[in-house]
Protein chains: 2
Amino acid sequence: MHSQNLINIIADELPELNKSESKVAHVILADPDRATSSSIAALAKAAGVSEPSVNRFCKRFNAAGFPDFKLKLAKALVSGVRFVNRNVDPGDDVTSYTPKIFDSTINNLAMVRDRISHTRVNQVVDKLIQAKRIYFFGLGASGSVARDAENKFFRFNLPVSFHDDVLMQRMLASTGGTGDVFFFISHTGRTKEVVEVAALAKANGSTVIGLTAPDSPLAVISSVTLDVEVPENTDEYMPMTSRIVHLVILDVLATGVTLRRGPDFLPHLEKIKDSLKSTRYIKET
Amino acid sequence: MHSQNLINIIADELPELNKSESKVAHVILADPDRATSSSIAALAKAAGVSEPSVNRFCKRFNAAGFPDFKLKLAKALVSGVRFVNRNVDPGDDVTSYTPKIFDSTINNLAMVRDRISHTRVNQVVDKLIQAKRIYFFGLGASGSVARDAENKFFRFNLPVSFHDDVLMQRMLASTGGTGDVFFFISHTGRTKEVVEVAALAKANGSTVIGLTAPDSPLAVISSVTLDVEVPENTDEYMPMTSRIVHLVILDVLATGVTLRRGPDFLPHLEKIKDSLKSTRYIKET
DNA sequence: CATCTTTATGAAATTTTCTTACAAAAGAGG
DNA sequence: CCTCTTTTGTAAGAAAATTTCATAAAGATG
């Protein structure tokens, strides 16, 4: 597991803290940025506790003392809270909504990075390595993700295709069998068509992989599921970011496959890269 | 431009510093991490100068004093370390390469967030709002981005389409005219076909928007360019992250258009959302 | 429910760290 | 070589943080 953010650690520990520690925690969580520039005396006063209590609080969270704690807090602020979810408001102008959308995306990526199951990733890489054929299926926005996956996995020198057409998906699912991997991408994991096709593929003995929401019908039916828990879209204006998380996970899978293939495979990748060179204007440097 | 990293600022100022300030700078740059956990006395000794000299040094760089300086340095270190390319090594296992790929993506997003021109974003939103038709064009991996964009902009109730077929692109570009927006997505901005089609569209009086690398042939030819500077792919194993940055920028643009349309437009978006409900299994909560 | 034990908390003293005031040294300009 | 400016350090003082210790609160035990 990745190192957790100090702010989250404090928030998590909140119920375990005693009275004065809890007071300190609340003051810090309320305005962590301010806390980093306060003296121990100021913070103690704000929390209504004594200075040694603040000091003990710091040591409880593995800091050498108050200054060290402030340092750690400042670092945590840079990496974490900076990317806090801030909703887009109707009155926002470019300078407001642009960073908000970036931050929200970054935030979701950071969350999934810390939560994704490495075991599952490994299992999926296994399946992909062993596959005789790979089909990437998705509808709507997930169709684009599937298309991108095709483009990526095409390089591995095995039959890959993507389909965003339900009838095609259905036909292929029914003709597949052992050795075929059907990779389903779905934000909700509840689209009836998708679940039905996945069931069909599974019934025919194919391997079904689901990149989707945990505990969804698609997740339940899949041979291996890569759970992606991205918060519900609470804001009317905030775009859906699960697509992006899905894309990055496919990057991870592709990297996993490349690494498994070993260094002998690199020349092949080089060859594909080179094949594109002639299509481009040369960059003068 | 966003605030520059403190470490870089110090390095840049190096020639302007006087003797003792320069000594302090060298010690800090040699091991900034250590500096954040030193006392002013320790640092002064390490640099071979007096404590007030260190203090003056800090104030020169807009810190309130030494502790404040350490805080700022610590923050700079965090954002700096994140931008360090942690390449995927051939020997990496899942637990290593997974966070590396996420981090690399996050870093690129954070970089573009800080560098993207809000003025340009606004200009593009203007063009999109005024457009009678919008075409999203891309090849290869950028084709998926274009497809995603179509899916997104379709909701705005105006004729949008995406094309990843060069011949189709060419035909459409030649038939377009005033009021038509051709939106080109390209990682390098140097693919000959793409640049030619863009030139064709421009020659026919259409608006050409380029989401691409700065100073590339495509960027030069476009009516408005959204520059995306994503570091070159140095690592064989590290996937290309510009696609993802492009997607997020399209999210930003779509949000910009939605906000411009104003609150009267929201019911329309709701209607589209609702139309998908019947295709899904209901979530029991 | 009284008493003992443990734990939690703060006052005060101590120590460490930082800042300021001022003076000495170094350098620039005439 | 003097004067003025800039740079640097010494030493004093101020501020901040930590430790010690005493007391209060909470909990356990008979």
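Scaling against 2.2 N^0.38 Å puts the C-alpha radius of gyration of the range B:6-83 at 0.98.
Using only side-chain charges placed at the Cβ, +1 for Lys and Arg and -1 for Asp and Glu, the dipole size of the range A:6-82 relative to its Cα centre rounds to 160 debye.
The orientation-averaged projected area of the convex hull spanned by the Cα atoms of the range B:1-158 comes to 14.5 nm².
With K and R counted +1 and D and E -1, the other residues having a Cβ less than 10 Å from that of A:I116 yield a net charge of 0. Based on C-alpha pairs under 8 angstrom that are at least 6 apart in sequence, chain B has a relative contact order of 14 percent. Counting only other chain Cβ atoms within 10 Å of each residue's Cβ, the peptide A:31-37 averages 1.
Remark: label point of B:S37 defined 7 Å out from Cα along the Cα-Cβ vector; separations to the same position in other copies 2.6 nm, ascending.
DSSP beta bridges fully contained in the protein assembly as shown are about 5 percent antiparallel. Anisotropy class assigned to the range B:128-267 is oblate, per the alpha carbon gyration tensor with a/c at or over the 1.5 cut-off and a/b no larger than b/c. When the Cα atoms of the range B:73-208 are aligned to their principal axes, the ranges along those axes come out at 53, 33, 28 Å in descending order.
Between copies, A:I9 shows label-point distances of 2.8 nm, shortest first, with the point placed 7 angstrom from Cα along Cα to C-beta.
Placing R0 at 51 angstrom, the Cβ-Cβ distance between B:K132 and A:L14 gives a FRET efficiency of 0.40 after rounding to 0.05.
The calculated FRET efficiency for B:E196 paired with A:L158, based on their beta-carbon distance and R0 = 45 Å, is about 0.85. Here the Gaussian network model covers chain B, with springs between Cα atoms less than 10 Å apart; of B:H26, B:H118, B:H187, B:H26 fluctuates the most. What is the calculated FRET efficiency for B:A64 to A:N62, with r their C-beta to C-beta distance and R₀ = 25 Å, to the nearest 0.05? Step by step, r from the Cβ atoms, then E = 0.40. Peptides A:207-213, A:47-53, A:9-15, A:197-203 ranked from most to least packed, by the mean per-residue count of other Cβ atoms within 10 Å: A:207-213, A:197-203, A:47-53, A:9-15. When the alpha carbon coordinates of the protein assembly as shown are projected onto the principal axes, the ranges are 75, 58, 54 Å, largest first. Give the shape of the range B:176-218 as rounded, prolate or oblate, defined through the alpha-carbon gyration tensor: a ≥ b ≥ c are the square roots of its eigenvalues, a/c under 1.5 means rounded, and otherwise the shape is prolate if a/b is larger than b/c and oblate if not. Here the range B:176-218 falls in the prolate category.
Panel note: the C-alpha atoms of chain B, placed on their principal axes, show extents of 73, 55, 47 Å (largest first).
For A:K271, give me every one of the lysines with a C-alpha distance below 20 angstrom, ignoring sequence neighbours fewer than eight places off in its own chain. Partners found: A:K152, A:K283, B:K192. Label-to-label distances for B:R56 across copies, nearest first, come out at 4.4 nm, using points 7 Å from Cα in the beta-carbon direction.
With 50 Å² as the minimum drop in accessible area between chain alone and full protein complex (1.4 Å probe), the qualifying residues in the range A:109-138 are A:L109, A:R113, A:H118.
Put a dot 7 Å past the Cα of B:R260, heading toward its Cβ, do the same for B:V78, and the two dots end up 3.6 nm apart.
Taking every DSSP helix (H) stretch of at least 4 residues in chain A, weighting each as -39,500 (n - 2.57) and dividing the sum by the residue count yields a mean residue ellipticity at 222 nm of -17500 deg cm²/dmol. Dipole orientation for chain A: of the candidates A:Y97, A:H163, A:T255, A:T255 has the Cα lying most toward the positive pole (charges on Cβ; Lys, Arg +1; Asp, Glu -1).
Annotation: amide H of A:R280 within the under-5 Å range of B:K192, sequence separation 5 or more or interchain, hydrogens built in the peptide plane. Shielding by partners for peptide A:87-95, expressed as the average number of C-beta atoms from other protein chains within 10 Å of each residue's C-beta, is 4. In plain terms, the chain from A:T178 to A:N87 could stretch by 28.1 nm, reckoned as 0.36 nm per residue minus the Cα-Cα distance. Inter-chain neighbour count for A:246-258: the average number of beta-carbon atoms from partner chains within 10 Å of each residue's beta-carbon is 6. Taking all protein chains into account, the per residue accessible area for chain B stands at 45 Å² (1.4 Å probe).
The values are calculated or read from the model by the stated rules, or taken from the named source; none is laboratory data. Just so it is clear, the model here is predicted, and its values are computed rather than measured. Note that we place each Cβ from the backbone using ideal geometry, even for glycine, and neighbour counts take in every protein chain shown. Remember, those area values only see protein heavy atoms, side chains included, never the ligands or the DNA or RNA. Shrake-Rupley method; radii C 1.70, N 1.55, O 1.52, S 1.80 Å.
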